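A.B. asks: A single structure is presented below for examination.
The values are calculated or read from the model by the stated rules, or taken from the named source; none is laboratory data. Fair warning: this is a prediction, and the values are worked out from it, not measured in the lab. FYI the Cβ positions are ideal-geometry reconstructions off the backbone, even for glycines, and counts take in every protein chain you see.
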Amino acid sequence: MTQPWIEGRFEPNVMTLSLEQALNWSRQASLWPMTFGIACCAIEMMCAGASRFDLDRFGAGAFRASPRQSDLMIVAGTINYKMASRVRRLWELMPEPKYAIAMGGCAIAGGPYVEHGYNIVLGVDKVIPVDVYVPGCPPRPEALLEGLMRLQDKIKGQKIVREPGTGGNWLSILTRPSAKAADELPLPHHAGYVEMEECPLVFHHQKMKAEGKKKE
């Protein structure tokens with residue numbers, strides 16, 4: 001058996017980090033989604049959890065059959081008014097801290113059914129708080145993986161410490177918690193705007209049109 005690359009490379013050492021960093025790292029690397037799908041976007045969610053895209057690479061592949069064992073709700077599908085109360089009940093059964101991803105146009109804003117359907121909720125954020133929106137109809141598994149990574153960035157910036165200057169003596173801190181410090185919002189990894197280089201003219205008629213414009 002070959003030796004793993006990391007073994008035998010370092011001397012005995014100590015790694016220092018804060019309790020907050022350790023908690024956030026453990027939370028972001030062990031998200032347990034609920035086995036919960038409403039409509040066609042759930043097929044893409046299942047595909048993201050299968051072997052080709054492998055959601056478990058990010059620590060989020062342990063789909064739980066009970067909301068009491070889940071901390072991530074991926075709302076994949078259309079929410080109507082009859083389903084909204086069930087979604088809310090499942091959300092309230094999930095333990096804290098819990099997170100939600102709105103997957104697809106129907107979960108974000110009602111999708112194509114809003115125009116002719118009187119029973120469609122205009123987005124699941126009318127029912128539960130949403131952390132990350134993944135647009136598409138339906139979004140591909142890569143888009144769901146991107147949304148999961150953005151949620152991990154958001155969890156990494158969560159704070160558990162108190163606001164500076166709000167604490168008193170140690171007895172008052174233990175008996176009455178102070179205000180929590182504000183969470184850090186993650187910086188966007190990309191702005192969505194890409195500068196494209198001018199494509200070279202390939203065909204003869206394109207070259208003729210370009211030359212005619214130059215002469216004018």
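A.B. asks: Going by the structure shown, is SER51 surrounded by fewer than 19 Cβ atoms within 10 Å (Cβ to Cβ), outside any helix (DSSP H, G or I) and free of Cβ contacts under 8 Å to residues at least 24 places away in the same chain?
C.D. replies: Values: surrounded by fewer than 19 Cβ atoms within 10 Å (Cβ to Cβ): yes; outside any helix (DSSP H, G or I): yes; free of Cβ contacts under 8 Å to residues at least 24 places away in the same chain: yes.
Judged against the criteria, SER51 is a match.
A.B. asks: Further question on the same structure: Name every residue in region 1-59 that is small (Gly, Ala, Ser), more than 16 Å from LEU72 (Cα to Cα) and out of contact with any helix residue (DSSP H, G or I) (no Cβ under 7 Å at 6 or more places or on another chain), in order of residue number. Write out each step before concluding.
C.D. replies: Let us first name the residues in region 1-59 that are small (Gly, Ala, Ser), namely 8, 18, 22, 26, 29-30, 37, 39, 42, 48-51, 59.
Okay, now just the ones that are also more than 16 Å from LEU72 (Cα to Cα), so 8, 18, 22, 39, 50-51.
Once the filter is applied, which keeps residues that are small (Gly, Ala, Ser), more than 16 Å from LEU72 (Cα to Cα) and out of contact with any helix residue (DSSP H, G or I) (no Cβ under 7 Å at 6 or more places or on another chain), region 1-59 yields GLY8, SER18, ALA22, ALA50, SER51.
A.B. asks: Next up: Search region 70-96 for residues being at pLDDT 90 or above and more than 16 Å from ILE38 (Cα to Cα), and hand back the single one that is nearest to the chain's Cα centre (by Cα).
C.D. replies: ASP71
A.B. asks: I've got another one for you. Determine which single condition LEU90 fails, assuming it passes every other condition in (1) in contact with a Leu (Cβ under 7 Å, 6 or more places away or on another chain); (2) in a helix (DSSP H, G or I); (3) of a type outside the set (Ser, Thr, Tyr).
C.D. replies: So LEU90 meets the others, but not (1).
A.B. asks: If PRO129 meets every condition in (1) over 21 Å from TRP32 (Cα atoms); (2) assigned to a loop (DSSP other than H, G, I, E, B) apart from one, which number is that one?
C.D. replies: The one condition PRO129 does not meet is (1).
A.B. asks: I'd like to know if region 126-148 contains one or more residues that are at pLDDT below 75 and touching a helix residue (DSSP H, G or I) at 6+ places or on another chain (Cβ under 8 Å). So that I can check it myself, show each step before the final result.
C.D. replies: Of all residues in region 126-148, those at pLDDT below 75 come to none.
No, the conditions are met nowhere in region 126-148.
A.B. asks: Please work out if GLY105 is touching a Ser or Thr at 6+ places or on another chain (Cβ under 8 Å) and either buried (at least 19 other Cβ atoms within 10 Å of the Cβ) or farther than 13 Å from ASN80 by Cβ (or both).
C.D. replies: Numbers: touching a Ser or Thr at 6+ places or on another chain (Cβ under 8 Å): no; either buried (at least 19 other Cβ atoms within 10 Å of the Cβ) or farther than 13 Å from ASN80 by Cβ (or both): yes.
The answer is no for GLY105.
A.B. asks: Condition check: closer than 21 Å to THR35 by Cα and either assigned to a helix (DSSP H, G or I) or in contact with a Pro (Cβ under 6 Å, 6 or more places away or on another chain) (or both). Does ILE108 satisfy that?
C.D. replies: Values: closer than 21 Å to THR35 by Cα: yes; either assigned to a helix (DSSP H, G or I) or in contact with a Pro (Cβ under 6 Å, 6 or more places away or on another chain) (or both): yes.
Yes; evaluated as a whole, the condition is true for this residue.
A.B. asks: Among the residues of region 103-112, is there at least one that is over 20 Å from the mean Cα position of the chain (by Cα) and free of Cβ contacts under 8 Å to residues at least 12 places away in the same chain? Spell out how you get there, then give the answer.
C.D. replies: Step one: of region 103-112, the residues over 20 Å from the mean Cα position of the chain (by Cα) are 112.
The next check asks that each one be free of Cβ contacts under 8 Å to residues at least 12 places away in the same chain; those that pass are none.
No, region 103-112 has no match at all.
A.B. asks: Another one. Pick from LEU17, LEU90: which is over 20 Å from GLN152 (Cβ atoms) and surrounded by fewer than 19 Cβ atoms within 10 Å (Cβ to Cβ)? If you could, list the steps in order and put the result at the bottom.
C.D. replies: Numbers: LEU17 fails: over 20 Å from GLN152 (Cβ atoms).
The conditions single out LEU90.
A.B. asks: Might you check whether a residue that is touching a residue at least 24 places away in the same chain (Cβ under 8 Å), under 22 Å from PRO139 (Cα atoms), of a type outside the set (Asp, Glu) and touching a Cys at 6+ places or on another chain (Cβ under 7 Å) occurs anywhere in region 80-94?
C.D. replies: Residues of region 80-94 that are touching a residue at least 24 places away in the same chain (Cβ under 8 Å), as a first pass: 80-84, 87-88, 90-91, 93-94.
Right, trim to under 22 Å from PRO139 (Cα atoms) and you get 80, 83-84, 87.
After this cut, where a residue has to be of a type outside the set (Asp, Glu) as well, the list is 80, 83-84, 87.
Now narrow it down to the ones that are touching a Cys at 6+ places or on another chain (Cβ under 7 Å): none.
So far as region 80-94 goes, no, none of its residues is touching a residue at least 24 places away in the same chain (Cβ under 8 Å), under 22 Å from PRO139 (Cα atoms), of a type outside the set (Asp, Glu) and touching a Cys at 6+ places or on another chain (Cβ under 7 Å).
A.B. asks: Run TRP32 past the list (1) touching a strand residue (DSSP E or B) at 6+ places or on another chain (Cβ under 9 Å); (2) surrounded by fewer than 12 Cβ atoms within 10 Å (Cβ to Cβ); (3) among the aromatic types (Phe, Trp, Tyr) and report the number of the one that doesn't hold.
C.D. replies: It fails just one condition, (2).
A.B. asks: Examine region 110-132 for a residue that is in contact with a strand residue (DSSP E or B) (Cβ under 9 Å, 6 or more places away or on another chain), among the acidic types (Asp, Glu) and under 26 Å from ASP183 (Cβ atoms), and state whether such a residue exists.
C.D. replies: yes
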